[in-house]
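Please treat every number below as a calculation from the coordinates, not as lab data. Just so it is clear, the model here is predicted, and its values are computed rather than measured. Note that each Cβ is placed from the backbone with ideal geometry, even for glycine, and that neighbours are counted across all protein chains shown.
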Amino acid sequence: MPAPSEPSRNLGSISSARITRFSFPRNRVIGDSQVRAEHVQLGVLELETSDGFVGTGFFQNLFHPLPAESELVRQFEETAMPGLKGAIPAVLLNRLSRPRGGNNRALPMNFGEAINQALWDLHAQQLGLPLFRLLGATRDKVPAYASGLDFHLSDEDYVAFFGGAKAKGFGAFKIKVGHPDVKWDLNRLKLLEEAVGPGATIMVDANEAWTPKEAIRRLHIYRDAGHDIYWIEDPCIRDDYEGLRQVGEAVPFAHLNTGEYLSLHEKRLLIEGRAVDILNVHGTVSDVMKAAWLAAEYGVEISLGNTTMEIGVHAACALPECRWLEYSFQDNDFVLETPIRIEAGWAHAPDRPGHGLKLSDMARKEFRAPNVGDATPRSRIPRGSIPLPSQQAAE
C-alpha cells in the first residue's frame with residue numbers, strides 16, 4: 001500500500017503581509033434613514049505565501065478615516081500576524097477554534113474579514129481554481145439588482161441614478177425608505193416606477209426605521225397606492241424576532257428580507273423563529289457559507305448584500321438558494337487590475353484562480369493615501385458609474 005500523500009509539503013505557508021490605505025470622496029453621498037457617508041476609507045490587505053502566491057482582502061470604515069498606514073501595519077503585526085505566519089491557508093480556514101474570556105474579541109479595523117477573504121483567495125490559487133468553483137458552484141453568474149443607497153439624493157439625482165441603472169440593463173431595483181413622512185416614501189416609489197418603467201422588480205429597505213406595527217402599516221399603504229413590493233428589508237430592530245415574524249405574517253404580499261446585521265448565532269434564532277423569508281448575508285466567505293447551509297436546512301432563500309468590490313459574487317454563484325446579488329455602483333473598483341464584471345443585470349464570477357481581485361500597481365502608485373488627511377481628489381478618480389445632474393452642475 002502506498003504511503004499517504006502529504007500535500008502540505010507542496011503548499012506554501014504565509015510568510016508576509018502588506019497593507020495599503022486609500023481615501024477618496026464617493027461618487028455620490030450614500031446612506032439610509034439612519035446614516036450617511038461621503039468618503040471611501042479603504043484598506044487593502046495582501047498576504048504572501050512562501051510559494052509566491054498573493055491573497056487579497058479588503059477592510060473599510062464607512063464613517064471615519066482609517067488610521068495612518070503605518071499604524072494599520074503596526075496593529076496588524078501585533079494582533080493578527082502571529083496567528084498567520086507560517087500557517088497554510090487551507091489549514092487556517094478549516095481550523096475550529098473556541099475562544100474564551102478575553103480572547104473572545106474581534107480583531108481591530110475589521111481585519112478579520114480581510115484575512116478571511118485573503119485566505120480563501122490563497123487557498124483557491126494554490127489549488128488552481130476560481131473561488132466560486134472551489135465553493136462548489138455550478139454557475140458562473142448571478143442576477144444583480146441595482147441598489148441606490150439613495151436616501152440622501154435629491155429627487156433629480158435619484159431619478160437619474162435609477163434611470164441610468166435601467167439603461168444599463170438592470171431589471172430589479174432597491175430603494176431606501178423609512179422617512180418620517182410616508183408621503184416622502186410614496187413619492188420616491190412613484191419616481192422610481194416612472195424612471196424604470198413597468199414590469200420591474202422593486203425592493204425597499206427601511207434600515208430598522210419602524211416598529212413592527214408601523215412596518216405593517218407602511219407596507220399596506222404602499223400596496224394600496226398601487227406599488228408591488230417584492231421584498232421589505234430590515235423593517236424593524238434586527239433582533240426583534242417576534243416583531244419580524246409579525247411583519248412577515250401581516251404582509252403576505254411581500255417577502256421579508258433581513259439578517260445582515262446578525263451573527264451566525266443570531267441568524268439561527270431568526271430562522272428558527274420563522275422571522276425571515278430571505279436571509280441577507282455578507283461578510284466573511286466562511287460565515288456566508290455557514291449561514292447558507294443553516295438556511296438551506298429550513299428552506300430559506302438567500303440574498304447576497306453589499307460586499308466590497310462585489311467579492312460576494314463567488315458565494316452567490318455557489319449557493320443554490322441565492323437569487324440576488326446587491327450592486328450599488330460605489331465606484332471603488334478602479335483600484336483593481338480587473339474588477340468584477342457587471343453586465344445587463346448579471347454579476348459574473350471571474351474565471352481565474354482565487355477570487356480574481358488584485359490591487360493594481362497603478363492604484364498603489366497613483367491613489368495610495370498613507371497618512372490621515374491624505375485623500376485622492378474626486379477629479380482624479382476614473383468615473384465608471386452613472387453621472388448625476390448634481391455632478392454635472394459641479395463640473
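Figures for the structure shown
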{"item": "HN-Hα J in Hz across segment 43-51 - Karplus 6.51, -1.76, 1.60, θ = phi - 60°, x for Gly and Pro", "result": "x, 10, 9, 10, 9, 10, 9, 5, 9"}
{"item": "Volume in Å³ per residue [convex hull over Cα atoms, computed for the chain]", "result": "155 Å³"}
{"item": "Ordering of 61-69, 324-332 by packing [mean C-beta count within 10 Å, highest first]", "result": "324-332, 61-69"}
{"item": "Segment 132-348 - convex hull of the alpha-carbon atoms, volume per residue in Å³", "result": "117 Å³"}
{"item": "Cα convex hull of segment 219-339, projected area averaged across orientations, nm²", "result": "8.3 nm²"}
{"item": "Cross-link table LYS141/LYS166; LYS174/LYS290; LYS176/LYS213, entries beyond 23 Å C-alpha to C-alpha", "result": "LYS174/LYS290"}
{"item": "Cα gyration tensor category, rounded, prolate or oblate, for segment 215-275 with a/c compared to 1.5", "result": "prolate"}
{"item": "Fraction of beta bridges assigned by DSSP in the chain that are antiparallel (%, nearest 5)", "result": "50 percent"}
{"item": "Principal-axis tilt of helix 69-79 within the chain, Cα atoms, nearest 10 degrees", "result": "70 degrees"}
{"item": "Within segment 132-348, percent of DSSP bridges classed antiparallel, to nearest 5", "result": "20 percent"}
{"item": "Normalised contact order of segment 132-348, rounded percent, pairs of Cα under 8 Å and 6 or more residues apart", "result": "25 percent"}
{"item": "Most mobile listed residue (PRO377, PRO339, PRO25) in the chain, GNM with C-alpha springs under 10 Å", "result": "PRO377"}
{"item": "Mean separation of Cα contacts under 8 Å, 6 or more apart, over the residue count of the chain: relative contact order %", "result": "20 percent"}
{"item": "Cα centroid of segment 151-225 to Cα centroid of segment 288-323, whole Å", "result": "24 Å"}
